[in-house]
Amino acid sequence: MTRPELPADVRRFILTSIPSVPFLEAVLLLRAEPATAWGVAELARRLYVPERTATELLEQLTSSGIAAFVGESRAARYAPSPELRDIVDQLAQAYSTDLVAITDLIHSRIDRRAQRFADAFRFRKE
C-alpha cells in the first residue's frame, strides 16, 4: 500500500513551522479544544512532557501565532489567523491518516539541522 502524498502547502508548513513532534502535538491539542486556555501544568500533563518543555511550547505557540495568552495568565488558547487555521486543519487531517510520514518529515528536518551543526565543527585538512 502506498502512502498518499502530502499536500505541498502542508509539507512546506511542516518544514518551516513545526520544530518538533511535541510542538505538533501541542498544536493539535489546542486545535481539538479551542475554548480551553492551557496552562503549563495542564499542557505538560496532557503531552507527557516536563513543565519546562510545556513552558517552551506555549512560548513557541504564541510567538508563531497559533495561540494567544489569555489575560495576564500564562495560559494560552488556540487563536490562529484564518489562513493559519486552514493549514493547521489540513495538517491535522494529514496527520490523522499518515502519522508516520509527518513525524518522519519533522525528524528529517531536525536531523539535517543537527548534521549542519556537526559539520560546522568538522576539522578540515588544509
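Note on residue 105/residue 45: beta-carbon distance plugged into 1/(1 + (r/R0)^6) with R0 of 35 Å gives a FRET efficiency of 0.80.
Put a dot 7 Å past the Cα of residue 69, heading toward its Cβ, do the same for residue 5, and the two dots end up 4.3 nm apart.
Please give me the summed charge of the neighbours of residue 33: other residues whose Cβ is under 14 Å from its Cβ, Lys and Arg +1, Asp and Glu -1. Can you show the working numbers first?
Values: positive: 31, 45, 46, 77; negative: 25, 42.
For residues surrounding residue 33, the net value is +2.
We did not get these values from a lab; they are worked out from the coordinates using the rules stated. All of these numbers come straight from a predicted model, not from anything done at the bench. Note that we place each Cβ from the backbone using ideal geometry, even for glycine, and neighbour counts take in every protein chain shown.
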